[in-house]
1. Considering only region 122-148, how many residues are assigned to a strand (DSSP E or B) and among the small types (Gly, Ala, Ser)?
2. Going by what's in this entry, would Leu63 be described as in contact (Cβ under 8 Å) with a residue 60 or more places away in the chain and either of a type outside the set (D, E, K, R) or surrounded by 15 or more Cβ atoms within 10 Å (Cβ to Cβ) (or both)?
3. Being under 28 Å from Ser240 (Cα atoms), crowded, with 18+ Cβ neighbours inside 10 Å and touching an Asp or Glu at 6+ places or on another chain (Cβ under 6 Å) narrows it down to one of Gln110, Gln114, Gln146, so name that one.
4. Please find, among Tyr111, Tyr94, Tyr148, the residue that is among the aromatic types (Phe, Trp, Tyr) and closer than 25 Å to Arg211 by Cα.
5. Looking for something closer than 28 Å to Glu192 by Cα, touching a Gly at 6+ places or on another chain (Cβ under 7 Å) and outside any strand (DSSP E or B) - is there at least one such residue anywhere in region 55-78?
6. Is region 60-79 home to any residue that is of a type in the set (Gly, Ala, Ser), outside the structural domain of Lys293 (by TED's automatic domain parsing) and closer than 17 Å to Phe132 by Cα?
7. Hey, does region 149-166 have a residue that's assigned to a strand (DSSP E or B) and of a type in the set (Ser, Thr, Tyr)?
8. Tell me which of these Arg223 doesn't satisfy, since it passes every other one: (1) buried (at least 16 other Cβ atoms within 10 Å of the Cβ); (2) in a strand (DSSP E or B); (3) modelled with pLDDT of 85 or more.
Amino acid sequence: MKIERRQILRLLSFSGAASLLGFRAYQSQAQCLTTTDILGPFYLPGAPEMAQLAPAGAPGTPLFITGTVYANDCQSPIPNAKVDVWHANDGGGYEDDHYRGVVYTGDNGQYTFQTILPGKYLNGAQFRPRHFHYKVSVTGTELTTQIYFEGDTSIPADPWASSPDVVERIIPLSEDAQNNLHGVADIYLDVEPVINSQGGQNAEPGQAAIRYISPNPMAGQGRVQVFLPKATTLSLQIYSLQGTLVAVPANGKNFPAGIHEWEIRAENRHGLQLQPGIYILRMLADGQPVDAKRFLVGR
């Protein structure tokens, strides 16, 4: 592996507890729910709870996947959702003991795992495109689906990956300076958001947090919404995947408790358009990093 897992997770989370947003913001439930896909013949129950799916030294290109599991309002994160993932090795074969694992979402609905880019394998006369298998479950609801990758030339001939309802499950990948790949795979489940019984509103985390970035991906500009449990001196910083600070949407002003929103532009501190790719929005409260979310600048 070209980069240590702890290094890349530190870059992404800054505080050691990443909350990483994926791609979509929608107006209606029908538009955001993640569609299903076939289970396939290689699922095994009882996968180990581990975030590193590929064994140490495994051949292949290192790949870091992050995402958030959301409720059917398309914006409320789901904590403690079970994300069961399995995939083929670099040569396209499935191994019973490796390339599979279970992770759980954190308080902000985020999950992350490290592995390698899956290989392709023949399915009849055609190669199946590279893909991850997912089983995502919470409170009696379970979704079985697959994630594919932009630019895969095997997608058009594949009967499952070429379906029109798969479009939102074909994700782009970005490459960092160490040739590691990064992707964001958000999952939208058909479950109701958590309700705060005292206030009747969606439950908020106990600490300052980024609620969402919209739209994601963005072209020229978008919005970021944050939650503050108390009056806080707030800073928002945008970093490239290489860790370079490129923009500062908010810089050290004091804000009261509550929900706040800013416009963010897909441009750097010099007013130049950001190159297409994945960027990280970092949030500091009273000078301490508390949250970070990814967003994509499209072409």
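The values are calculated or read from the model by the stated rules, or taken from the named source; none is laboratory data. Treat the numbers as computed from the prediction; the structure is a model and nothing was measured. As a convention, Cβ positions derive from the backbone with ideal geometry for all residues, glycine included, and neighbour counts pool all protein chains shown.
1. Keep residues of region 122-148 that are assigned to a strand (DSSP E or B), which gives 122-123, 126-128, 132-138, 141-148.
With the extra rule that they be among the small types (Gly, Ala, Ser), the set shrinks to 137.
Going through region 122-148 one residue at a time, the tally reaches 1.
2. On the way: in contact (Cβ under 8 Å) with a residue 60 or more places away in the chain: yes; either of a type outside the set (D, E, K, R) or surrounded by 15 or more Cβ atoms within 10 Å (Cβ to Cβ) (or both): yes.
Taking the combined requirement at face value, the residue satisfies it.
3. Numbers: Gln110 fails: touching an Asp or Glu at 6+ places or on another chain (Cβ under 6 Å); Gln114 fails: touching an Asp or Glu at 6+ places or on another chain (Cβ under 6 Å).
From the options Gln110, Gln114, Gln146, the qualifying one is Gln146.
4. Values: Tyr94 fails: closer than 25 Å to Arg211 by Cα; Tyr148 fails: closer than 25 Å to Arg211 by Cα.
Being among the aromatic types (Phe, Trp, Tyr) and closer than 25 Å to Arg211 by Cα holds for just one of Tyr111, Tyr94, Tyr148, which is Tyr111.
5. Step one: of region 55-78, the residues closer than 28 Å to Glu192 by Cα are 65-78.
Among the residues that remain, those that are also touching a Gly at 6+ places or on another chain (Cβ under 7 Å) are: 65, 67-70, 77-78.
Still in the running and outside any strand (DSSP E or B): 78.
Taking every residue of region 55-78 in turn, at least one turns out to be closer than 28 Å to Glu192 by Cα, touching a Gly at 6+ places or on another chain (Cβ under 7 Å) and outside any strand (DSSP E or B).
6. As a first pass, look at region 60-79 and keep what is of a type in the set (Gly, Ala, Ser): 60, 67, 71, 76.
Among the residues that remain, those that are also outside the structural domain of Lys293 (by TED's automatic domain parsing) are: 60, 67, 71, 76.
Now drop any that are not closer than 17 Å to Phe132 by Cα, which leaves 60, 67.
Yes, there is a match, as at least one residue in region 60-79 is of a type in the set (Gly, Ala, Ser), outside the structural domain of Lys293 (by TED's automatic domain parsing) and closer than 17 Å to Phe132 by Cα.
7. No, region 149-166 has no match at all.
8. (1)
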